[in-house]
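I have placed the structure first, in the form of structure tokens, so that the comments after it can refer back to it.
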Amino acid sequence: FDRAKTDNPEDISVVHEKAAAFDGLNLYGSRHLAKAFLVDMKGEVLHTWTAKSPKPPWMHMTLKKNGDLLVISKANYAAKLDWCSNVIWQRPMTAHHDIVEGPDGRIHVLTHGLAHYSFDGAQIPIMDDALEVLSPDGKLISKTRLFPLLRALVPGSRISKIRKLTGQGLPIRRLIKEGAPSDTTHGNSIHILDRSIPD
């Protein structure tokens with residue numbers, strides 16, 4: 001599905017380009033609602049999951065084979081719901097963009113938060129993405145911060161700009177918001193590799 005802005009997020013408009021589409025069911029959500037829809041190729045809604053409260057809205061969802069739904073509400077929480085929209089577990093976290101279940105049942109979630117790192121003796125603020133791994137019942141197993149892993153790939157000019165803006169007194173909240181200079185490792189998706197990678 002492409003994304004569109006609308007005043008009525010429950011409106012469904014479907015164009016089926018047979019040459020460009022695979023047959024099957026589609027999981028559809030709106031960033032305006034805490035709701036998800038299972039839709040066929042004609043746009044018929046076959047099933048709906050709904051949170052008890054319409055706010056905050058869901059940013060992303062993943063359908064499990066058993067009908068459970070993994071959802072994230074941006075910067076609010078990650079959760080697992082059953083087929084009837086009952087919450088199996090919900091975990092407060094600064095989740096964003098993607099939630100994926102691995103073949104071992106563990107759940108991988110992108111999160112972010114403010115961190116400070118030292119550059120040439122100065123501490124600068126970074127909006128640090130992380131990959132958090134949860135157990136199937138939503139408990140934290142591990143958290144890997146991405147900036148320390150990718151620090152060498154961040155251009156020196158970007159770091160200089162952050163240092164300059166920090167020195168000029170720009171509020172940290174403006175430096176670390178999405179798309180701002182300190183948002184250096186902004187991840188949008190998770191892909192679980194099926195093999196180990198040498199160090």
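Taking interchain pairs and intrachain pairs at least six residues apart, which have beta carbon atoms under 8 angstrom, with the first residue in region 170-182 and at positive phi and the second open to solvent by less than 70 Å² (accessible area, probe 1.4 Å)?
Gly179/His186
Considering only residues that are aliphatic (A, V, I, L, M) and assigned to a loop (DSSP other than H, G, I, E, B), look in region 43-69 and name the one that is surrounded by the fewest Cβ atoms within 10 Å (Cβ to Cβ). Quick ask: steps written out before the conclusion?
The initial filter retains those residues of region 43-69 that are aliphatic (A, V, I, L, M), namely 45-46, 51, 59, 61, 63, 69.
Cutting the leftovers down to assigned to a loop (DSSP other than H, G, I, E, B) gives us 51, 59.
Working: Ala51: 20, Met59: 18.
Only one residue fits best here, namely Met59.
In the list Ile72, Ile124, which residue meets the criterion of being modelled with pLDDT under 95, part of a strand (DSSP E or B) and crowded, with 19+ Cβ neighbours inside 10 Å? Don't jump to the end; show me each part of the working.
Numbers: Ile72 fails: modelled with pLDDT under 95.
Unique residue meeting the criteria: Ile124.
Hey, can you tell me all the residues within region 75-108 that are acidic (Asp, Glu) and either assigned to a loop (DSSP other than H, G, I, E, B) or free of Cβ contacts under 8 Å to residues at least 12 places away in the same chain (or both)?
At the first step, the residues of region 75-108 found to be acidic (Asp, Glu) are 82, 98, 101, 104.
Answer for region 75-108, where residues must be acidic (Asp, Glu) and either assigned to a loop (DSSP other than H, G, I, E, B) or free of Cβ contacts under 8 Å to residues at least 12 places away in the same chain (or both): Asp82, Asp104.
Restricted to region 129-171, and to residues that are touching a Phe, Trp or Tyr at 6+ places or on another chain (Cβ under 7 Å) and closer than 15 Å to Glu101 by Cα, which residue is most open to solvent (accessible area, probe 1.4 Å)?
That would be Asp137.
Considering only residues that are over 17 Å from Pro136 (Cβ atoms) and surrounded by 14 or more Cβ atoms within 10 Å (Cβ to Cβ), which ones fall in region 78-94? Can you show your working first?
First, the residues of region 78-94 that are over 17 Å from Pro136 (Cβ atoms): 84-85, 92, 94.
Those that are over 17 Å from Pro136 (Cβ atoms) and surrounded by 14 or more Cβ atoms within 10 Å (Cβ to Cβ): Ser85, Thr94.
Tell me yes or no: at least one residue of region 173-190 is more than 21 Å from Ile99 (Cβ to Cβ), assigned to a helix (DSSP H, G or I) and basic (Lys, Arg).
Taking region 173-190 and keeping what is more than 21 Å from Ile99 (Cβ to Cβ), we get 173-177, 179-182, 184.
Checking the rest, the ones that are also assigned to a helix (DSSP H, G or I) come to 173-176.
Now drop any that are not basic (Lys, Arg), which leaves 173-174.
Yes, the conditions are met somewhere in region 173-190.
Within region 79-93, does at least one residue satisfy the condition of being touching a strand residue (DSSP E or B) at 6+ places or on another chain (Cβ under 9 Å), within 23 Å of Asp128 (Cα to Cα) and hydroxyl-bearing (Ser, Thr, Tyr)?
Looking for residues that are touching a strand residue (DSSP E or B) at 6+ places or on another chain (Cβ under 9 Å), within 23 Å of Asp128 (Cα to Cα) and hydroxyl-bearing (Ser, Thr, Tyr), one finds none in region 79-93, hence no.
The values are calculated or read from the model by the stated rules, or taken from the named source; none is laboratory data. Quick caveat, the model's predicted, so the values are computed rather than measured. Counting neighbours? That spans all protein chains shown, and the Cβs are built from the backbone with ideal geometry, glycine included. These area figures cover heavy atoms from the full protein model, side chains too; ligands, DNA and RNA do not enter into them. Shrake-Rupley method; radii C 1.70, N 1.55, O 1.52, S 1.80 Å.
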